[in-house]
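The values are calculated or read from the model by the stated rules, or taken from the named source; none is laboratory data. All figures in this text were calculated on a predicted structure; none of them were measured in a lab. When we count neighbours, we look across all protein chains shown, and the Cβ atoms used for this are built from the backbone with ideal geometry, even at glycine.
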Amino acid sequence: MITYVCLAVLLLFVTVRSILFWRRNKDLVPSQELDQALIYQINRESDQYEQ
């Protein structure tokens, strides 16, 4: 009986961690979009200093 309880707790833990991992990765911005946004911001700021 204790074995089933331990397996249930382990399964619950793995399920919760998987859901949290999936949600975190779903909300992340793709790295290429992030790179483009950073390059745009850097170029914009450098243009302001040149003027």
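Considering every residue within the range 2-18, establish whether at least one is modelled with pLDDT of 85 or more, surrounded by fewer than 10 Cβ atoms within 10 Å (Cβ to Cβ) and of a type outside the set (A, V, I, L, M, F, W, C). Among the residues of the range 2-18, at least one is modelled with pLDDT of 85 or more, surrounded by fewer than 10 Cβ atoms within 10 Å (Cβ to Cβ) and of a type outside the set (A, V, I, L, M, F, W, C), which makes the answer yes. Does residue 34 qualify as being at pLDDT below 90 and of a type in the set (A, V, I, L, M, F, W, C)? Taking the combined requirement at face value, the residue satisfies it.
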